[in-house]
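Peer 1: One structure coming up, written as structure tokens, with questions to follow.
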Amino acid sequence: MKARIFVTLKGGVLDPQGRAIQHALEGLGFAGVNDVRAGKLIELDLADGTSDDDIDAMCRKLLANTVIENYRIEKVA
Amino acid sequence: MKSAVIVFPGSNCDRDLAVAFEAATGAKPTMVWHRDTDLPDDIDLIGVPGGFSYGDYLRSGAMAARSPVMQAVARAADRGAFVLGICNGFQVLTESGLLPGALLRNAGGHFVCRDVALTVENAQSAFTSRYVAGEAIRFPVAHHDGNYFADEATLDRLEGEGRVALRYAESVNGSARNIAGILNDAGNVLGMMPHPERVIEPAHGATDGQRLFQGIVAGLMARA
């Protein structure tokens, strides 16, 4: 079983990396890029039967810092 | 007076911190490896040094905060031992929950490595007792992730409880309310981005950091 964890910065949290990417896109001549937010994708290869609670605990305890980040779990069959 | 300096893979200010502890306490600190699960029961002072623990993987300080030794540091802090986290050590303390908030990438996106002007906000803590409230001092900084963040309610609480120990007196990294260092609610844990251990001898070019370590020692003596 695989799970994909998407970790993103919360709304009010400044993202200098996203801003740098936005400027680089503008530099390449792409118009209309209003904002860029960069996040992380973490892929987990899990033993079958790993519970949703366990995956959620992994996110809360290590993969995301919930002071500044949100996470979303996507299970892949 | 017993002190210890925690060493993670990737720590690089551990030796400087040990020198500062020894100069202030008169005894060599124990260097404690991140895999150790215990600290001496009667430990008085623990340093969490700067560097790039675990290569800053995942988030700065995230892996170190979950290492076995940090459980022992949390227990010692609970017992009242003084804990000083500098730079990466501050990141480790926020990641481990010993201090509130988080340290984000610097607002300008650049690594900042220079001396910065600071204001001592609270001179009541042991760490800052040898300074005067409002005093202007200079410590070096060297970090990429020093932009202190916490929600408004937490920031208000920190300010209201006098837990902002040090503030930048110039624009450095985008920190909320220019916060450079904060205390826990009991006042025995200090996390700060600037490096006091790099300004403790005339040969360093400045000695503003010396009094921080002397203050800790005075605080410990007052307890004994």
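The values are calculated or read from the model by the stated rules, or taken from the named source; none is laboratory data. Keep in mind it's a predicted model, so treat the numbers as computed, not measured. In this analysis, Cβ positions are derived from the backbone assuming ideal geometry, glycine residues included, and neighbour counts consider all displayed protein chains. The protein model used for the area step is the full one, side chains on, heavy atoms only, and it has no ligands, DNA or RNA in it. Shrake-Rupley method; radii C 1.70, N 1.55, O 1.52, S 1.80 Å.
Peer 1: Please name all residue pairs, on different chains or six or more residues apart, with Cβ atoms under 8 Å, provided the first residue is in the range A:51-67 and is within 12 Å of another protein chain (Cβ to nearest Cβ) and within 22 Å of residue B:100 (Cα to Cα) and the second residue is of a type outside the set (Gly, Ala, Ser) and assigned to a helix (DSSP H, G or I).
Peer 2: From residues that are within 12 Å of another protein chain (Cβ to nearest Cβ) and within 22 Å of residue B:100 (Cα to Cα), the pairs are A:65/B:95; A:66/A:60; A:67/B:94.
Peer 1: Out of all the residues in the range B:42-58, which are open to solvent by less than 70 Å² (accessible area, probe 1.4 Å) and without any contact (Cβ under 8 Å) to a residue 40 or more places away in the chain? Write out each step before concluding.
Peer 2: If we filter the range B:42-58 for residues that are open to solvent by less than 70 Å² (accessible area, probe 1.4 Å), which is where we start, we get B:43-51, B:53-56, B:58.
Matches in the range B:42-58: B:58 only.
Peer 1: Same structure again: Would it be correct to say that residue B:63 is at pLDDT 95 or above, of a type in the set (A, V, I, L, M) and open to solvent by 50 Å² or more (accessible area, probe 1.4 Å)?
Peer 2: Working: at pLDDT 95 or above: yes; of a type in the set (A, V, I, L, M): yes; open to solvent by 50 Å² or more (accessible area, probe 1.4 Å): yes.
When the stated conditions are applied, residue B:63 passes them.
Peer 1: Can you tell me which of (1) open to solvent by 30 Å² or more (accessible area, probe 1.4 Å); (2) at pLDDT below 95; (3) outside any helix (DSSP H, G or I) is the one residue A:43 doesn't meet?
Peer 2: Failed condition: (2).
Peer 1: Report whether or not residue A:73 is within 13 Å of chain B (Cβ to nearest Cβ), in contact (Cβ under 8 Å) with a residue 40 or more places away in the chain and either more than 15 Å from residue B:104 (Cα to Cα) or in a loop (DSSP other than H, G, I, E, B) (or both).
Peer 2: Values: within 13 Å of chain B (Cβ to nearest Cβ): no; in contact (Cβ under 8 Å) with a residue 40 or more places away in the chain: yes; either more than 15 Å from residue B:104 (Cα to Cα) or in a loop (DSSP other than H, G, I, E, B) (or both): yes.
When the stated conditions are applied, residue A:73 does not pass them.
Peer 1: Separate question: Of the conditions (1) hydrophobic (A, V, I, L, M, F, W, C); (2) within 12 Å of another protein chain (Cβ to nearest Cβ); (3) farther than 19 Å from residue B:185 by Cβ; (4) open to solvent by less than 40 Å² (accessible area, probe 1.4 Å), residue B:118 clears all except one; give me its number.
Peer 2: Against the list (1) hydrophobic (A, V, I, L, M, F, W, C); (2) within 12 Å of another protein chain (Cβ to nearest Cβ); (3) farther than 19 Å from residue B:185 by Cβ; (4) open to solvent by less than 40 Å² (accessible area, probe 1.4 Å), residue B:118 comes up short only on (2).
Peer 1: When you scan the range B:121-132, do you find a residue that is surrounded by 24 or more Cβ atoms within 10 Å (Cβ to Cβ) and outside any loop (DSSP other than H, G, I, E, B), even just one?
Peer 2: Within the range B:121-132, none of the residues are surrounded by 24 or more Cβ atoms within 10 Å (Cβ to Cβ) and outside any loop (DSSP other than H, G, I, E, B).
Peer 1: Name the residues in the range A:1-17 that are surrounded by 14 or more Cβ atoms within 10 Å (Cβ to Cβ) and more than 10 Å from chain B (Cβ to nearest Cβ), would you?
Peer 2: The answer is A:3, A:5, A:6, A:8.
Peer 1: Quick check on this structure: which one of B:206, B:186 is among the aliphatic types (A, V, I, L, M), open to solvent by 10 Å² or more (accessible area, probe 1.4 Å) and within 22 Å of residue B:138 (Cβ to Cβ)?
Peer 2: Values: B:186 fails: within 22 Å of residue B:138 (Cβ to Cβ).
Being among the aliphatic types (A, V, I, L, M), open to solvent by 10 Å² or more (accessible area, probe 1.4 Å) and within 22 Å of residue B:138 (Cβ to Cβ) holds for just one of B:206, B:186, which is B:206.
Peer 1: Looking only at the range B:133-149, which residues are in a loop (DSSP other than H, G, I, E, B) and within 14 Å of another protein chain (Cβ to nearest Cβ)? Break it down into steps so the answer makes sense when it comes.
Peer 2: From the range B:133-149, those in a loop (DSSP other than H, G, I, E, B) are B:133-135, B:144-146; that's our starting set.
Scanning the range B:133-149 gives B:144, B:145, B:146.
Peer 1: Let me ask something else about it. Does residue B:194 satisfy the condition of being part of a strand (DSSP E or B) and surrounded by 16 or more Cβ atoms within 10 Å (Cβ to Cβ)?
Peer 2: On the way: part of a strand (DSSP E or B): no; surrounded by 16 or more Cβ atoms within 10 Å (Cβ to Cβ): yes.
No; evaluated as a whole, the condition is false for this residue.
Peer 1: Tell me which residues, restricted to the range B:137-153, are over 21 Å from residue B:194 (Cβ atoms) and surrounded by 15 or more Cβ atoms within 10 Å (Cβ to Cβ).
Peer 2: Within the range B:137-153, just B:151 meets the criteria.
Peer 1: Next question, about the same structure. Which residue, of B:157, B:223, B:167, B:211, is surrounded by fewer than 22 Cβ atoms within 10 Å (Cβ to Cβ) and in contact with a helix residue (DSSP H, G or I) (Cβ under 6 Å, 6 or more places away or on another chain)? Even if it seems obvious, please write down each step before you answer.
Peer 2: On the way: B:157 fails: in contact with a helix residue (DSSP H, G or I) (Cβ under 6 Å, 6 or more places away or on another chain); B:223 fails: in contact with a helix residue (DSSP H, G or I) (Cβ under 6 Å, 6 or more places away or on another chain); B:211 fails: in contact with a helix residue (DSSP H, G or I) (Cβ under 6 Å, 6 or more places away or on another chain).
Going through B:157, B:223, B:167, B:211 in turn, the sole match is B:167.
Peer 1: Is there any pair with a first residue in the range B:12-32 that is assigned to a loop (DSSP other than H, G, I, E, B) and a second that is open to solvent by 30 Å² or more (accessible area, probe 1.4 Å) and of a type outside the set (A, V, I, L, M, F, W, C) whose Cβ atoms are under 7 Å apart and which are 6 or more apart or on different chains, and what are they?
Peer 2: Filtered contacts from the range B:12-32: B:28/B:22; B:29/B:22.
Peer 1: Step by step: first the residues of the range A:51-77, then only those that are among the acidic types (Asp, Glu) and over 21 Å from residue B:56 (Cβ atoms), then the one that is least open to solvent (accessible area, probe 1.4 Å). Which residue is that?
Peer 2: We begin by selecting, within the range A:51-77, every residue among the acidic types (Asp, Glu); these are A:52-54, A:56, A:69, A:74.
Then keep just the ones that are over 21 Å from residue B:56 (Cβ atoms); that gives A:52-54, A:56, A:74.
Numbers: A:52: 90, A:53: 117, A:54: 83, A:56: 47, A:74: 63 Å².
Going through the qualifying residues, I end up with A:56.
Peer 1: Looking at B:99, B:39, B:93 in this structure, which one is open to solvent by less than 10 Å² (accessible area, probe 1.4 Å), assigned to a loop (DSSP other than H, G, I, E, B), at negative phi and in contact with a helix residue (DSSP H, G or I) (Cβ under 9 Å, 6 or more places away or on another chain)?
Peer 2: On the way: B:39 fails: open to solvent by less than 10 Å² (accessible area, probe 1.4 Å); B:93 fails: assigned to a loop (DSSP other than H, G, I, E, B).
Selected residue: B:99, the only one of B:99, B:39, B:93 that is open to solvent by less than 10 Å² (accessible area, probe 1.4 Å), assigned to a loop (DSSP other than H, G, I, E, B), at negative phi and in contact with a helix residue (DSSP H, G or I) (Cβ under 9 Å, 6 or more places away or on another chain).
Peer 1: Search the range B:76-90 for residues being part of a helix (DSSP H, G or I) and touching a residue at least 24 places away in the same chain (Cβ under 8 Å), and hand back the single one that is farthest from residue A:67 (Cα to Cα). Before the answer, list the steps.
Peer 2: Residues of the range B:76-90 that are part of a helix (DSSP H, G or I), as a first pass: B:76-79, B:88-90.
This time we only want the ones that are touching a residue at least 24 places away in the same chain (Cβ under 8 Å), so: B:76-77, B:88-90.
Numbers: B:76: 24, B:77: 22, B:88: 18, B:89: 18, B:90: 15 Å.
Filtering first and then ranking leaves B:76.
Peer 1: Quick one: in the range B:1-52, which of the residues that are at pLDDT below 95 and not hydrophobic (A, V, I, L, M, F, W, C) is nearest to the chain's Cα centre (by Cα)?
Peer 2: Going through the qualifying residues, I end up with B:34.
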